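The values are calculated or read from the model by the stated rules, or taken from the named source; none is laboratory data. Predicted model, so just to flag it, every value in this text is computed and none were measured. Cβ placement follows ideal geometry from the backbone for every residue including glycine, while neighbour counts extend to all protein chains displayed. Just the protein is used for accessible areas: all its heavy atoms, side chains included, with ligands, DNA and RNA removed. Shrake-Rupley method; radii C 1.70, N 1.55, O 1.52, S 1.80 Å.
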Amino acid sequence: MELRVNPTRMELTRLKRRLVTAKRGHKLLKDKQDELIKKFIDMVKQNKELREEVEKELAEAFKNFTMARSQMPDKVLEESLLIPAATVGINVKSQNIMSVNIPKIIIEKSEVKSLYPYGFSNTSGELDSAISTLAELLPKMIKLAEMEKSCQLMADEIEKTRRRVNALEYVMIPQLEETIKYITMKLDENERGNRTRLMKIKEMVMKG
């Protein structure tokens, strides 16, 4: 479907310029989309590997914790974990990748009094293992949260870019091409009509 315009040479020139700009914009967006998809695939792969690693270590920690719970009275277990052994601060910044602001979570210096906030006389070795594993897991879990959010933002940007590419490719560019064709045809018709009229006028003048 062509755009509704006046079929003039000025309009034809304007639309041709718009078509050139639209095609250039389409190419840039298509290149951006391809690059975004490439980076997204890499990120998803890294995210999958990290998630599998975290889930495996979490399963091990929960297994040790369950073992510890079966060997210790509930009250002793609760008292052992009542006082936090460390404080951790995080700072959330952002970095720009292909015009997408993705989070960058930085673990600030943590204050660790002792990894184990309890005495060892009434607790089990499995509890020590569970706490040790979870302490080592914290940076990986924060990194996983960062990566999963980044993947989500990247996917949203890919979808937005895809819609813009399609709008140019299947709507705007075809409309401009159709309209340019229509105006060119109308101008040609007018030129032929003018030429015919001029010839008739010339014949009449010569006869007269």
Exercise for the section: Return the pairs, sorted by first residue and then second, in which the second residue is surrounded by 12 or more Cβ atoms within 10 Å (Cβ to Cβ) and polar (S, T, N, Q), the first residue lies in region 150-170 and is under 16 Å from Asn47 (Cβ atoms) and in contact (Cβ under 8 Å) with a residue 24 or more places away in the chain, the beta carbons are less than 8 Å apart, and the residues are 6+ apart or on different chains. Expected result: Cys151/Asn47; Leu153/Asn101; Ile158/Gln33
Exercise for the section: Tell me which of these Leu138 doesn't satisfy, since it passes every other one: (1) at pLDDT below 85; (2) under 17 Å from Lys56 (Cβ atoms). Expected result: (1)
Exercise for the section: Test Ile102 against the stated conditions and say whether it is modelled with pLDDT of 85 or more and loosely packed, with under 14 Cβ neighbours inside 10 Å. Expected result: no
Exercise for the section: Of the conditions (1) open to solvent by 80 Å² or more (accessible area, probe 1.4 Å); (2) under 30 Å from Asp34 (Cβ atoms); (3) free of Cβ contacts under 8 Å to residues at least 40 places away in the same chain; (4) not hydrophobic (A, V, I, L, M, F, W, C), Arg51 clears all except one; give me its number. Expected result: (3)
Problem - Residue, nearest to the chain's Cα centre (by Cα), within region 156-198, restricted to residues that are open to solvent by 90 Å² or more (accessible area, probe 1.4 Å) and modelled with pLDDT of 80 or more - result: Lys160
Handout entry: Close pairs (9 angstrom Cβ cut-off, 6 or more residues apart or separate chains): closer than 12 Å to Ala86 by Cα in region 108-132, of a type outside the set (Asp, Glu) and at pLDDT below 65 anywhere
Key = none
Exercise for the section: Looking only at region 108-126, decide whether some residue is modelled with pLDDT of 85 or more and surrounded by 12 or more Cβ atoms within 10 Å (Cβ to Cβ). Expected result: yes
Exercise for the section: Take Val44 and decide whether it is β-branched (Val, Ile, Thr), at pLDDT 95 or above and over 19 Å from Val165 (Cα atoms). Expected result: yes
Handout entry: Unique match (being assigned to a helix (DSSP H, G or I), farther than 30 Å from Glu126 by Cβ and either charged (D, E, K, R) or free of Cβ contacts under 8 Å to residues at least 40 places away in the same chain (or both)) among Lys93, Lys56, Lys23, Lys75
Key = Lys23
